[in-house]
Structure formats: C-alpha cells, structure tokens
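Single-structure report; data block below.
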Amino acid sequence: MGDFLSTLVTAVIVIGIVLVIILVVKRMRASDRPVHVDAGPRAHDPFAPGQDTGGDPLKIHAGDILEFGSEKHFVRGTLRIAEGGYTWAEHFFQGDGSAQRQWLTVEEDPDLQLSIWKDRPDLDIEPRSEQIDLEGTSYTLVEHGTATYRSEGTTGLRPQGALDYVDYEAGDGTHLSFERFDHGRWEVSTGRPVTPGSFTIYPGS
C-alpha cells in the first residue's frame, strides 16, 4: 500500500510540473505576437509633403483654405442653393479682410463644373436683354431662374431666403452673372471656369 501511494504522489507531481511548463511556453509564445491597437481615425498633416491634398470641391465649407499657386484664401461662408431638384454651392473666399470678394461655384451638371467669380460693384447694369457687351466682350443669355438659398458662415445674407439669377456666357467661356437676393438690387459678377485639380483644398477642421 505504501509503494502505491508513493507512486501516485510522484505521478501527480510530474503531471503538475508538465502543466506548469505547458502554461509557461504558451505565455512566452503569446508575448511574441504583435499587439494590434486601434488608434481610431488616422491623423494627418494636410500640409505634409506627399499628401493627396487636391481635396473634394463638393465637400468645401467655411473654414477651409483654398490655395491657387502660391496664394492662400480662406473660405468665409457658403450659399447652398436649390432650384427644384437641382442644387449647387457658392463659396465666398478672401485672401484677407481687405482683399476683393470672390466666389467659387461648385455644381454637378451632370459633370463637376467649377467657376471663380469676382464681385463687380463698379458695374451699374441690369439683365434687360439677350446680349450684353461689356469691356470688349459680348455675353449671351444662357439661363435664368428663381431659387432658394441657405447661408452658412459669413455671406452678408440672411440664414435663408430667395434668389433670382440671370447668367450670360461669352464665346471664350467667361461668364457674366446677375443675382438678386430677397428681391433686393441686382448684384453683378464676372467669372471664369476652372478645372478640378488646378487648386488645392485644405480642410479647416
């Protein structure tokens, strides 16, 4: 009986030692595996070299920076305009507080179309004819209508309202536009088309 108990105790001890060795080996192997940590959205510097900083014109909003060549301009406000089921955006931007007011129009018709406009408060004209001759260029009426707008950021307009517009185009692709907000006076601007990728968009937030 004594020999049996001695053998049983020895067997239990051996089994225990084997189990301990197995656990130690498993822990050592687990510690060699790479640990994945979910760091959430990847942070990046939009000004860092090698970044795809062209940006999406359809996502521009107040606070973004538009870079044309070496010149940077700040998007101060946006008009979201709708007419029937058609929508487009006009983004107000300036290089600084004293710079000329400019607007970037972004629309899909159905392809992406971009135009840059400059306010022309020096022009005292109204859209009364099918053709307007201005500064040596002849502009022909292309479209007109009435829409609604929603204002974001700084635009100088109410949060929302109505807009009348009349657009002209010249043979070289340049534009002449008249806009009247909330039945006010006609505001005149001249514009030109730009291509996607000809400027860079840096998100403001």
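The values are calculated or read from the model by the stated rules, or taken from the named source; none is laboratory data. Every value quoted in this text rests on a predicted model; they were computed, and no experiment measured them. Glycine also receives a Cβ, built like all others from the backbone with ideal geometry; neighbour counts cover every protein chain displayed.
Of the strands (runs of 3 or more DSSP E) lying entirely inside the range 62-115, not one contains at least 3 residues that are β-branched (Val, Ile, Thr) and touching a Gly at 6+ places or on another chain (Cβ under 7 Å). Of all the listed residues (Ser98, Ser177), the sole one being polar (S, T, N, Q) and at pLDDT below 95 is Ser98.
Hey, can you tell me all the residues within the range 149-166 that are closer than 18 Å to His61 by Cα and in a strand (DSSP E or B)? Listed by number, the residues that qualify are Tyr149, Arg150, Ser151, Glu152, Gly153, Gln160.
For the range 77-101, which positions are within 14 Å of Gly156 (Cα to Cα) and either surrounded by 19 or more Cβ atoms within 10 Å (Cβ to Cβ) or of a type in the set (Asp, Glu) (or both)? Within the range 77-101, Gly77, Thr78, Leu79, Glu90, His91, Phe92, Phe93 meet the criteria. Being in contact with a Pro (Cβ under 9 Å, 6 or more places away or on another chain), modelled with pLDDT under 95 and closer than 29 Å to Thr154 by Cα is a property that holds for Gly55.
Residues are listed down the side, and each one gets a yes or a no for (1) over 19 Å from Ile81 (Cα atoms); (2) part of a strand (DSSP E or B):
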residue	(1), (2)
Tyr168	no, yes
Leu176	no, yes
Arg180	no, yes
Ser189	no, yes
Arg192	yes, yes
Pro196	yes, no
Ile201	yes, yes
Gly204	yes, no
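Checking each residue in the range 100-121 for being within 9 Å of Glu90 (Cα to Cα) and of a type in the set (S, T, N, Q) picks out only Thr105. Applying the set (1) of a type outside the set (Lys, Arg); (2) out of contact with any strand residue (DSSP E or B) (no Cβ under 8 Å at 6 or more places or on another chain); (3) at pLDDT below 95 to Thr195 leaves exactly one unmet item: (2). Hey, among the residues in the range 127-148 that are in contact with a strand residue (DSSP E or B) (Cβ under 7 Å, 6 or more places away or on another chain) and in a loop (DSSP other than H, G, I, E, B), which one's farthest from Tyr165 (Cα to Cα)? Going through the qualifying residues, I end up with Glu130.
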